[in-house]
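Comments concern the structure below.
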Amino acid sequence: MSVLVLGGYGAVGTHLMSLLRAAGTPALAAGRNAARADRVLDLSDVGSFEAGLDGITAVVNCAGAEDIRLAESCAGRGIPFLDISATTDYVAALEKIGGPVVLGVGLAPGLTTLLAVDVLSDQPGPVDILIGLGSGEHHGPAATAWTYGLLGQHFPDPDGTVVRNFTRPARFDVPAQSGYKSGRALRADFADQHRLTREFGVPVRAYLRTDSRIGTAGLALLTRAPALRSLIPAHMPGSDRWVLLARATDGSTRWAHGRGQSKATAVVTAATVHAVLNHHPTAPTWIHQILTLADVRDTLHDNGIELGNRL
């Protein structure tokens, strides 16, 4: 039994490899760098990827490669393919694959999904999701490119209108212990809001902010002129603190906070890997279909991630 981690020596993959091996789960890091990879693969070459699947029990995509053919290759061999992507169109395509594809694996989607589902178990909705990311953390290039790629783009709102990313601000009160100040966040196209809206039949909306008001304001400004994103400095002011929150209209709230987005993503992903190895899904599956917030509470706490709620 071996788990193949695409991008296994990247920002998220390095942490995931350590977590899996510490839990006694054999894991192989995959990538093009022969000096760092346990299994050398070129993800732009599907033939190379398929040749690397021998003896593999599950594949986790931490490489940022959003190539539907990789998931199809795994599905054709009955190998679960877990993806940490938040990209709506790509995730929607993965949902259509007739095989064991696991979606919403990470922080957002992932832990945000579990927080929202936990709120929805008590309240019928709507639910607003806050993703607060530390602008001072050194993120992997794929994560940075994904965020900036949202600038100027549009997505559908549950009310039928079209939303431009990083507009329509809403205020969120966050727990003081998170290191964040309460304030405004901006609409952003994270994939789980669409899935949960369809599944629960209530509006679920995602919002993004950074721990820097200047950084959040910058996103609101640049989404009107995305061509200016080259002006964004390589290192933004801020910390490595992050906070996630799901809030119902009656004020019921669930939250999580910690330090280090890449490690936290890996912690949730590792928990999902172990759930997949136990549940053996055979069809497209979201994280909340195999895990609950209660299932991961102790694991999160052991890795410095704190949960809280307001009922």
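Observations
- Ala93, sole failed condition from (1) outside any strand (DSSP E or B); (2) farther than 10 Å from Pro284 by Cβ; (3) in contact (Cβ under 8 Å) with a residue 40 or more places away in the chain: (3)
- Only listed residue being of a type in the set (A, V, I, L, M, F, W, C), closer than 27 Å to Glu306 by Cα and touching an Asp or Glu at 6+ places or on another chain (Cβ under 7 Å), chosen from Ala170, Ala176: Ala170
- Residue match in the range 50-66 (condition: open to solvent by less than 10 Å² (accessible area, probe 1.4 Å) and without any contact (Cβ under 8 Å) to a residue 40 or more places away in the chain): no
- Single unsatisfied condition, Ala176 versus (1) more than 18 Å from the chain's Cα centre (by Cα); (2) of a type in the set (A, V, I, L, M, F, W, C); (3) open to solvent by less than 10 Å² (accessible area, probe 1.4 Å): (3)
- Positions within the range 97-129 being closer than 22 Å to His15 by Cβ and not in a loop (DSSP other than H, G, I, E, B), in sequence order: Val102, Leu103, Leu107, Ala108, Pro109, Gly110, Leu111, Thr112, Thr113, Leu114, Leu115
- Residue identified as open to solvent by less than 30 Å² (accessible area, probe 1.4 Å) and within 30 Å of Thr285 (Cα to Cα) among Arg209, Arg195: Arg209
- Within the range 234-266, the residues that satisfy the criterion of being surrounded by fewer than 24 Cβ atoms within 10 Å (Cβ to Cβ), modelled with pLDDT of 95 or more and of a type in the set (A, V, I, L, M) are Val243, Ala248.
- Note on the range 284-311: residues that are of a type in the set (Lys, Arg) and modelled with pLDDT under 95 amount to 1.
- Here Pro158 does not fit the description of being of a type outside the set (D, E, K, R), in contact (Cβ under 8 Å) with a residue 60 or more places away in the chain, in a loop (DSSP other than H, G, I, E, B) and open to solvent by 50 Å² or more (accessible area, probe 1.4 Å).
- The range 293-311: number of residues that are open to solvent by 100 Å² or more (accessible area, probe 1.4 Å) and under 20 Å from Gly260 (Cβ atoms): 4
- Search result, residues across the range 46-66 that are in a loop (DSSP other than H, G, I, E, B) and among the hydroxyl-bearing types (Ser, Thr, Tyr): Thr57
- The residue that is nearest to Arg229 (Cα to Cα), among those in the range 137-170 that are at pLDDT 85 or above and of a type in the set (D, E, K, R), is Arg164.
- Counting the residues of the range 82-96 that are open to solvent by less than 10 Å² (accessible area, probe 1.4 Å) and either more than 20 Å from Ala11 (Cα to Cα) or in contact with a Leu (Cβ under 7 Å, 6 or more places away or on another chain) (or both) gives 3.
- Filter result for Ser182 (among the hydroxyl-bearing types (Ser, Thr, Tyr) and touching a strand residue (DSSP E or B) at 6+ places or on another chain (Cβ under 7 Å)): yes
- Some residue of the range 238-245 being closer than 27 Å to Asp173 by Cβ, among the β-branched types (Val, Ile, Thr) and in a strand (DSSP E or B): yes
- Some residue of the range 292-303 being farther than 22 Å from Val119 by Cβ and either outside any helix (DSSP H, G or I) or not hydrophobic (A, V, I, L, M, F, W, C) (or both): yes
- Filter pass, Val296 being over 21 Å from Ile56 (Cα atoms) and among the hydrophobic types (A, V, I, L, M, F, W, C): yes
- Enumeration of residues in the range 1-49 that are open to solvent by 10 Å² or more (accessible area, probe 1.4 Å), touching a Ser or Thr at 6+ places or on another chain (Cβ under 7 Å) and closer than 23 Å to Thr272 by Cα: Met1, Ser2, Ala11, Val12, His15, Pro26, Leu28
The values are calculated or read from the model by the stated rules, or taken from the named source; none is laboratory data. Quick caveat, the model's predicted, so the values are computed rather than measured. Reconstructed Cβ throughout: ideal geometry from the backbone, glycine too, with neighbour counts over all protein chains shown. Side chains are part of the model used for accessible areas, which takes the heavy atoms of the whole protein and leaves out ligands, DNA and RNA. Shrake-Rupley method; radii C 1.70, N 1.55, O 1.52, S 1.80 Å.
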